[in-house]
Amino acid sequence: MSESEFVSINPASGDELARYAALSPAETQDKILRCHQAFLKWEKVSPQDRASALMAIARQLERDREQLAGLITQEMGKPLRESRSELDKCAWACRHFAEMGQQYLRNDCIELDESRANLIASPLGVIFAVMPWNFPFWQVFRALAPALAVGNTLVLKGASNVPGCSQAIERLVRQAGLPDHVVTNLAIRAADTGEVIANPLVRGVTLTGSEAAGRAVASLAGTHLKKCVLELGGQDPYIILEDADIALASQKCVQSRMLCSGQVCIAAKRLIVVKAVYDAFRTAVLQRLELFHPSDPMDEQCSLGPLARRDLRDQVHQQVQASVATGSDLIQGGMIPDQPGWWYPATVLENVQPGSVAFDDEVFGPVVSLVRARDETEAMELANSSRFGLGAAIFSASRDHALALASEQLQAGSIAINDFVKSDPRVPFGGCKDSGFGRELGKLGIHEFVNVKSIVMAN
């Protein structure tokens, strides 16, 4: 693969799908200029017409659902039914911000002693979205929908292994009837992002990706005084207390961990179980994992697809081996199958403790880490013993007690009780600590990339 092109490869087989030309620096800057010129017109479009445009995008997503779902599955390997669900969620986000955008952004007024302050939210301009491969449409649309509702425009750098998806998003928005360049795909490499952030026409940056990518983008954004929102990795603790419904907890934890072949930032990565119910929970998890067998992701019945790239599969395997070397017990899986493509089986590690890779670092694959806690107090300590703070969950029959623990003790941005963590267009989403900062979605998310004008007027 040359620097002048991107190659799309099917992770289920390792076969090449297509090649896409990379932009030159001059072409990149020209596209940013065109996106800015589109912004100067788009910001003047009425909120009602912008809402209608988002509705049109939702309809286009639904019209193209089967074709786009196939593209997602072929480029990054998730089961086809999960790809369809991803597109449905994108349409939901478009409809939500079409319906709620004006309410989220409505002007506010503060009465002062002898004057009043009017608070007016206005768009910033071109927003640069640096997006990952695991949800190549959803991650983009949770930035795109609120950005367009506000009146911003978007330049997109998708991951290099899903170039077809990034190109399809730009095409889909245009087919929905929006003006050219309101959403602009930038087929560039990670090394080129600095020049985009430095461009004075770019007014904000949103990134979903690794810790390393987040540190690099935050540094560049700070240098150039650009607002940024970062959604980075997670090592989410799912806490199973003594009074938990074991059948429910095991079902939700396994469902969360195996989604997208384990390649989800908010997956149930550390299952922290109090001693009293550990054995019962362990048995239930192992039974549920028997349903997850690697198979063709284009098959309607597929439960576990390949990992997205060879290097990612190899990294997961190395992390499993490193965890075993430091005391964790491998009780299922953990072997690379001898077949084409980048497959990895459902894997279970037991006796996972602080200091092991499976406890400390994000494992982006179908690897369940079982952590035994003496009691609730140690379970909460173990949950917070992480540099990450993205998501978490608590399973308990006492919802009030679980709510108190989540509110007062857990260090995470998104917490579920008796369920697994999901992003939802209506609810702010994001993390703390090394999982990033800022929020996407909901009212808080739409306000991340606006200029709130405080206009004080004498009475």
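Quick one: if you stick a label point 7 Å off each Cα along the C-beta vector at Lys41 and Glu111, how many nm between them?
So the label points at Lys41 and Glu111 sit 4.5 nm apart.
For Gly389, which sequence-distant residues (separation of 5 or more, or a different chain) have an amide H within less than 5 Å of its own amide H, given hydrogens modelled in the peptide plane?
Gln235, Cys432, Asp434, Ser435
Alpha carbon centre of region 171-196 versus region 64-142: separation in Å?
15 Å
Kindly state, to the nearest 0.05, the FRET efficiency for Gln339 paired with Asp279, given R0 = 45 Å and r defined as their beta-carbon distance.
For R0 = 45 Å, the calculated efficiency reads 0.85.
Can you give the translational diffusion coefficient of region 337-459 in µm²/s, computed by Stokes-Einstein from the Kirkwood radius over Cα pairs at 25 °C and 0.890 mPa s?
141 µm²/s
Once both axes come from the Cα atoms, what is the angle between helix 47-63 and the longest principal axis of the chain, in degrees from 0 to 90, rounded to 10?
Long axis of 47-63 versus the principal axis of the chain: about 40 degrees.
Consider a paramagnetic label point 7 Å from the Cα of Gln332 along Cα→Cβ; state which residues of region 391-426 have an amide N under 17 Å from it.
No residues fall inside that zone.
Return the sequence-ordered ³J(HN,Hα) values of region 449-459 in whole Hz as given by the Karplus equation 6.51 cos²θ - 1.76 cosθ + 1.60 applied to θ = phi - 60°, using x for Gly and Pro.
10, 10, 9, 8, 8, 9, 10, 9, 10, 5, 5
Treating cross-link reach as a plain straight distance, find the aspartates and glutamates whose alpha-carbon is under 16 Å from the alpha-carbon of Lys453, omitting any fewer than eight places away in the same chain.
Answer for Lys453, where 16 Å is the Cα cut-off: Glu43, Asp108, Glu111, listed by chain and number.
Can you tell me, using C-alpha contacts under 8 Å and at least 6 residues apart, the relative contact order of the chain as a whole percent?
19 percent
Karplus couplings for region 211-224 from phi (6.51 cos²θ - 1.76 cosθ + 1.60, θ = phi - 60°), rounded to Hz, Gly and Pro as x?
Result, ordered by residue: 4, 4, 5, x, 5, 5, 5, 4, 5, 5, 5, x, 4, 9 Hz.
For region 237-424, compute the orientation-averaged projected area of the C-alpha convex hull (one quarter of its surface), in nm². Before the final figure, lay out each step's value.
Numbers: hull surface 41.1 nm².
Averaged projected hull area, Cα only: 10.3 nm².
Identify the GluC sites (Glu not before Pro) of region 230-325 meeting these criteria: DSSP loop state and at most 11 other C-beta atoms within 10 Å of the C-beta.
Here the GluC sites (Glu not before Pro) that fit, given the DSSP loop and packing criteria, are Glu290, Glu300.
Which ³J(HN,Hα) values in Hz, rounded to whole numbers, follow from the phi angles of region 276-291 under the Karplus curve 6.51 cos²θ - 1.76 cosθ + 1.60, where θ = phi - 60° and Gly and Pro get x?
4, 10, 4, 4, 5, 5, 4, 4, 5, 5, 4, 5, 5, 5, 5, 7
Can you list the residues, at least 5 places off or on another chain, whose amide H is less than 5 Å from the amide H of Ala416, using H built in the peptide plane?
HN-HN under 5 Å from Ala416: Ala392, Ala393, Ile394.
Cβ neighbours within 10 Å, averaged per peptide: list 325-331, 204-210, 432-438, 234-240 in order, most packed at the top.
For the peptides 325-331, 204-210, 432-438, 234-240, the packing ranking is 234-240, 204-210, 432-438, 325-331.
Calculate, in whole percent, how much of the Cα-Cα pair population of region 134-267 lies beyond 22 Å.
Working: 4242 of 8911 pairs.
Cα-Cα pairs of region 134-267 separated by over 22 Å account for 48 percent.
Test of understanding: what is the full-extension gain from Asn451 to Ser4, defined as 0.36 nm times their sequence separation minus their Cα-Cα distance?
157.2 nm
So how far apart, in nm, are the two label points at Glu381 and Thr223 if each is 7 Å from Cα heading toward Cβ?
Result: 4.3 nm between the two label points.
About the Cα centre, and with charges only on the beta carbon of Lys, Arg (+1) and Asp, Glu (-1), how big is the dipole of region 195-335? Nearest 20 debye, please.
It works out to roughly 540 debye.
Nearest 10 degrees is fine. How inclined is helix 310-325 to the longest principal axis of the chain, computing both from alpha carbons?
40 degrees
What Rg and what Dmax come out for the chain when only alpha-carbon atoms are used, in angstroms?
Spelled out, the Cα radius of gyration and Dmax of the chain are 22.6, 77 Å.
So, with +1 on the Cβ of K and R and -1 on the Cβ of D and E, and no other charges, what is the size of the charge dipole of the chain about its Cα centre, to the nearest 20 debye?
That gives a dipole near 1120 debye.
Run the reach check for Lys89 against lysines, Cα to Cα strictly under 18 Å, same-chain hits fewer than 8 apart removed. What comes back?
Cross-link targets: Lys78, Lys422, Lys443.
If neighbour count is taken as other Cβ atoms inside 10 Å, put Tyr20, Tyr344, Tyr278 in order from fewest to most.
The order, fewest Cβ neighbours first, is Tyr20, Tyr278, Tyr344.
Under a crude label model (7 Å from the Cα following the beta-carbon direction), how far is Gln315 from Gln102 in nanometres?
Distance between the two pseudo-spin positions: 4.5 nm.
To the nearest 10 degrees, how steeply does helix 25-42 sit against the main Cα axis of the chain, on a 0 to 90 scale?
70 degrees
Under a 5 Å amide H to amide H cut-off, with H placed in plane at 1.01 Å, what residues pair with Phe292 once short-range neighbours are removed?
none
A short reminder: the numbers here are calculations on the coordinates, not readings from a lab. Since the model is a prediction, treat every value here as computed from it, not as a measurement. For neighbour counting, all protein chains shown are included, and Cβ atoms are generated from backbone atoms with ideal geometry for every residue, glycine included.
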